[in-house]
Amino acid sequence: MKIIVTGGAGFIGANFVHYMLEEYPDDHIICLDKLTYAGNIENLESVMDNEKFTFIKGDIADRLLVDKLFRDEKPDVVINFAAESHVDRSVTDPDIFLQSNIIGTGVLLDACREYGIKRFHQVSTDEVYGDLPLDRPDLFFTEDTPIHTSSPYSASKASADLLVQAYHRTFGLPVTISRCSNNYGPYQFPEKLIPLMIANALNDKELPVYSKGENVRDWLYVKDHCIAIDLIVRKGTVGEVYNVGGHNEKTNLEVVKIILKELGKSEDLIKFVADRPGHDRRYAIDPTKIGNELGWEPTTLFDEGIKKTIGWYLDNRSWWENIISGEYQNYYEKMYGNR
Ligand code: NAD
Ligand code: DAU
């Protein structure tokens, strides 16, 4: 199979590329990535010489480039990870979220229609369902939960999902969609909660927890997300949405305290800061459908996954130190300077 993976130089995309090249050495993976601030070619360094891997720098919203790529390569499968992915950035600069996440997905869908594919898979998010109240632990997101978005990021991802479903209904395009909960693991850019807290703790910097740290996220080790996407693409039913999550809810404060304990650092580093505008309270996935239909279940529990993740950031200090020594400083000052 020839598979186009968009956004493969980012966190989940890079983990997916490594997973696929190991699992399916005969498949050819073509990564299309714009290399935004979040895309890092270093994440793919170890596979650059693999003859079954091709990297192309480009924007999924660039119609000419995407057309040429499809015409030249005739992919069997397209898996769309490419997106602006950080909620806080979507609050300060929404425009690029509309461009990459909505227009970009539309351009890919048009190319799939034009050149024909066996499957287009959209990597979506549980954030399209909005949030759940903190005092109703009995409630979970199912695939039938209505779309109800909170941030420009989640609105752009929901818009992309609707386009994908429209191309299936109107043009018969063979699509699937996955909606996963919060991922963590190697290669995650240190603007997201877990790597940001690990990096700050290692540098003995304050750990900025929004509000009182009571918001809840449902954490999944990134490899389990990769396994789920692969299963959906190979065995999932065309036209269907699959929720992906491992019933691993934690408050942000719990997560931060676990990281501090693992690193032997003091909880005095925690600083409660102003909340994120529109901050979703709780995410919690009901993964019954993917479990029953495809036999998926998470393989890495949080206790093990967080140790592995912290170990990776300790072993790859230069990876994140390079990132936080550059333009990131301006980002950090803008987001946290007066918070
Ligand atoms: P990321 O920000 O780490 O990586 C995104 C990648 O996409 C980068 O390599 C970037 O260069 C590339 N990209 C951005 N705009 C592009 C464009 N216009 N054209 C080509 N490439 C472009 O994101 P991530 O956390 O790896 O998330 C990947 C996907 O998974 C996103 O679609 C996100 O919505 C979804 N998702 C993420 C999570 C999570 O917890 N991180 C959970 C569920 C779903
Ligand atoms: O649920 C899936 C989503 O998870 C993905 O679609 C997004 O791409 C991904 O970024 C993630 O979104 P969140 O907003 O949940 O992740 P983030 O790591 O930004 O924040 C997690 C929680 O931690 C959230 O409640 C906000 C809080 N937080 C975050 C940061 C960066 C803090 O308290 N302090 C911080 O400095």
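The values are calculated or read from the model by the stated rules, or taken from the named source; none is laboratory data. Being a predicted model, the structure only gives us computed values, none of them experimental. Please note: Cβ atoms are built from the backbone with ideal geometry, for glycine as well, and neighbour counts cover all protein chains shown. The accessibility values were calculated without ligands, DNA or RNA, using every heavy atom of the protein model including side chains. Shrake-Rupley method; radii C 1.70, N 1.55, O 1.52, S 1.80 Å.
Miscellaneous remarks
- Applying the criterion of at least 1 residues that are of a type in the set (G, A, S) and away from ligand 2 (no atom under 12 Å from the Cβ) to the helices (runs of 4 or more DSSP H) found wholly in the range 73-187 leaves 104-115, 152-171.
- Total residues in the range 240-265 satisfying the condition of being more than 25 Å from L139 (Cβ to Cβ) and under 19 Å from the mean Cα position of the chain (by Cα): the figure is 0.
- G130 vs. criteria among the small types (G, A, S) and crowded, with 24+ Cβ neighbours inside 10 Å: no
- Scanning the range 196-217 for residues being open to solvent by less than 10 Å² (accessible area, probe 1.4 Å) and either free of Cβ contacts under 8 Å to residues at least 24 places away in the same chain or within 10 Å of ligand 1 (Cβ to nearest atom) (or both) gives a total of 1.
- Members of the range 138-162 that are touching a residue at least 12 places away in the same chain (Cβ under 8 Å) and open to solvent by 50 Å² or more (accessible area, probe 1.4 Å): L139, F140, P146, I147, H148, T149, S150, L162
- Here P25 meets the list (1) open to solvent by less than 10 Å² (accessible area, probe 1.4 Å); (2) away from ligand 2 (no atom under 16 Å from the Cβ) almost entirely, failing just condition (1).
- For beta carbons closer than 6 Å, sequence separation of 6+ or different chains, a first residue in the range 70-84 that is aromatic (F, W, Y) and open to solvent by less than 30 Å² (accessible area, probe 1.4 Å) and a second that is part of a strand (DSSP E or B) and modelled with pLDDT of 95 or more, the qualifying pairs are F81/T6; F81/V123.
- Candidates T6, T36, filtered to the one that is within 12 Å of ligand 1 (Cβ to nearest atom) and open to solvent by 20 Å² or more (accessible area, probe 1.4 Å): T36
- Taking every residue in the range 173-185 that is under 21 Å from S156 (Cα atoms) and pairing it with any residue that is of a type in the set (G, A, S) and in a loop (DSSP other than H, G, I, E, B), at least 6 positions away or on another chain, the pairs with Cβ-Cβ distances below 7 Å are V175/G239; T176/G236; C180/G245; S181/G245.
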